[in-house]
Amino acid sequence: MTAARSHDGPGPLRRAGRATGRALRSPFTGTARGIRKATHAHGAGESGLGKLIELHAVNGAGDVMITVALASTVFFSVPTDEARGRVALYLAITMAPFTLLAPVIGPLLDRLPHGRRAAMAGAMLARALLALTMSGAVATGGLELYPAALGVLVSSKAYGVVRSAVVPRLLPPKFSLVKANSRVTLAGLLATGVAAPIGAGLQTIGSAWPLYGACAIFIAGTFLAFTLPHKVDSAKGERRARLIDPHGEEAVPPPAPKPRGLRKDGLRRNGEKPAKERPPGLRSVGGSVFHGLQANAAHRALSGFLIFFLAFLLREHPMAGQSAAVSLAIVGVSAGVGNACGTAVGAWLRARGPEVIIATVLGLALGTAVLAAVFFSTAAVAALGAVAGFTQALSKLSLDAMIQRDVPEEVRTSAFARSETLLQMAWVVGGGIGIALPLNAVLGMSVAAGILALGAATSVRGLLGAARRGTPHPRVA
């Protein structure tokens, strides 16, 4: 009887337990399979782009956890006047040194072409350790919080620069760069949207808990970075790109000359010095990239300005019938939705006429900012946030397409690193203006319009002229 019963299989309680376990795991495993299927579609899994998409989602989730912790400590936990002083101190201690460090990031990473995976993993691990360091100071808001925040900022921007440089090496066949960046950006936005409420929930447990969550996320990202394909670390055929000033002179010293007397075939000539090799710069490859970078700098400066200025303006003067937190949430959600829509439209447009796209969205943002200054209202502020997010995303994707189209492959990776560094510096400048400006709504919107008008004045004519002349380089399909 016992032997027969042993062959009947598991009992009803065990079968019920297994069924319950499968039912509980099903939503999570199904979601994981769905995410993996989406990120690895159209050859992204085979090329390695899918893993980069997942890594960027992890990066976005970790960064928003730290943002929640800092916002609660530096901004929301104290009166407005004190909060403004704290944020000004945060800007001075973190952003100001970053303006000095940012120009170094691109050239430094140029020297690490064989260590890009390690560089991204190092940026993740550094933020994990810094999150733990900040967890002890976040409750008091002491000065020791700010050096750690600077480290987080530098590590985050360094990751962004390396990520931009890595994307061209992971493109699937017949996959445009603008589409690849759209996928990567959308993954980061979705992860941010999921992690933000989780971080807010952890904040209710304790001020250090979002930082504990960030630490765990970044540790996972450290290991995930090393799962990227080995070709990420390949520097075959690459050279460093150099910026050229408006007069066509080199902005950095030329490379060291080759040894005297060596011909191209390696044979020595008596007393003959070969001509110096001059790798192309971002402007020397064509005006489209240079003017596109100017337009994108205006968008990025506007983003930094609006983040800081509206944060204090809406806290002091909330939208009609809304609290300060709800007012900020409305603007933040509007900007996030606009950014997601711009990314989706960019993927749909691919790279059709990127010069015209950049000029058009810059004009759209400028017109919206002017309307917000003239007819300042709740709807105008929300509309400006949405349009700013939309135009910044679409303009950046178009710039990426032009870099892929116009910059030679051997210097394209370096060009991405340097252009991203310049855009981060523009964001810092915009943020500094936003924190220093008096809290006057019309004045603020006028300054926003002025930032965009300056960008339009320096770039639109060149972009439209380049579009009319056409390009000797084939369009990105």
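Rounded to the nearest 0.05, the FRET efficiency derived from the C-beta distance between residue 440 and residue 379 at R0 = 30 Å is 0.95. Ligands, DNA and RNA aside, residue 223 has an accessible area near 150 Å² when probed at 1.4 Å.
All C-alpha pair distances within segment 328-430, sorted into 5 Å bins from zero, spread as 2, 13, 17, 21, 21, 13, 7, 3, 2, 0 percent across the bins. The label-point distance for residue 132 and residue 174, in a model that sets each label 7 Å from Cα toward Cβ, rounds to 4.9 nm. With a Förster radius of 25 Å applied to the beta-carbon distance between residue 333 and residue 454, the computed FRET efficiency rounds to 0.30.
The values are calculated or read from the model by the stated rules, or taken from the named source; none is laboratory data. Since this is a predicted model, take the numbers as computed values, not measurements. Here Cβ is always computed from backbone atoms with ideal geometry, including for glycine, and neighbour counts include all displayed protein chains. Keep in mind that these areas ignore ligands, DNA and RNA; they rest on the heavy atoms of the full protein, side chains included. Shrake-Rupley method; radii C 1.70, N 1.55, O 1.52, S 1.80 Å.
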